[in-house]
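K.L.:
Here it is, the structure in full.
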Amino acid sequence: MTEALHIVCPHCDAVNRIPAGRIDDRPRCGGCHEPLFTARPVKLIAARFHAHITRNDIPVVVDFWAPWCGPCKTMAPRFVQAAGELEPRVRLAKVNTETEPALGAQLAIRSIPTLVLFKGGREVTRQPGAMATADIVRWVRTQGT
Ligand SMILES: [Zn+2]
């Protein structure tokens, strides 16, 4: 029996059903045929946020940031590196709280950057403050992912 994972396409938002044993085989989207994992965080706007948080069977770690925030800029390349290390077990995503203030308010984001880890659409934990790449990876992995 093969377990299947639902993975939301970072390009077209289609929900793909991938056998768990094939997750490491560079799966492509059945809708747009683009790779489902590109070692880059997915930029989420409000219209896409819910689908990515609730329809992915893998955990989703969201970086809430803003363009005016120095520590956010410092952490941005580290977050990309962390995506390269954590995919395809975890999806990394970013929300610009300046252009998506409703999402920041909805999640009660009080300081940025803040990382929020979701599983099955529910927040598991969050971590405010800029982190180094290794700390991001370690923090995510200690959450049972
Ligand atoms: Zn797609």
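K.L.:
Looking only at residues in the stretch 1-55 that are within 10 Å of the ligand (Cβ to nearest atom), touching a strand residue (DSSP E or B) at 6+ places or on another chain (Cβ under 7 Å) and part of a loop (DSSP other than H, G, I, E, B), which one is farthest from ALA66 (Cα to Cα)?
P.N.:
Only one residue fits best here, namely GLY30.
K.L.:
Can you find even one residue in the stretch 95-112 that is closer than 13 Å to VAL61 by Cβ, surrounded by fewer than 14 Cβ atoms within 10 Å (Cβ to Cβ), in contact with a helix residue (DSSP H, G or I) (Cβ under 9 Å, 6 or more places away or on another chain) and modelled with pLDDT of 95 or more?
P.N.:
Taking every residue of the stretch 95-112 in turn, none turns out to be closer than 13 Å to VAL61 by Cβ, surrounded by fewer than 14 Cβ atoms within 10 Å (Cβ to Cβ), in contact with a helix residue (DSSP H, G or I) (Cβ under 9 Å, 6 or more places away or on another chain) and modelled with pLDDT of 95 or more.
K.L.:
Can you tell me which condition PRO77 does not meet? The list is (1) out of contact with any Gly (no Cβ under 6 Å at 6 or more places or on another chain); (2) closer than 30 Å to ARG28 by Cβ; (3) surrounded by 14 or more Cβ atoms within 10 Å (Cβ to Cβ), and all the others hold.
P.N.:
For PRO77, the failing item is (3).
K.L.:
hydroxyl-bearing (Ser, Thr, Tyr) and at pLDDT below 95 - does that describe any residue in the stretch 1-13?
P.N.:
Our first condition is that a residue be hydroxyl-bearing (Ser, Thr, Tyr); within the stretch 1-13, this holds for 2.
Of the ones still in play, those that are also at pLDDT below 95 are 2.
Yes, because at least one residue in the stretch 1-13 is hydroxyl-bearing (Ser, Thr, Tyr) and at pLDDT below 95.
K.L.:
I would also like to ask the following. Would you please name the residue that is farthest from the chain's Cα centre (by Cα), looking only at residues in the stretch 64-99 that are assigned to a loop (DSSP other than H, G, I, E, B) and of a type in the set (D, E, K, R)?
P.N.:
The selected residue is GLU98.
The values are calculated or read from the model by the stated rules, or taken from the named source; none is laboratory data. Because the structure is a prediction, the values reported are computed rather than measured. Neighbour counts are summed over all protein chains in view; Cβ atoms, including those assigned to glycine, are modelled from backbone coordinates with ideal geometry.
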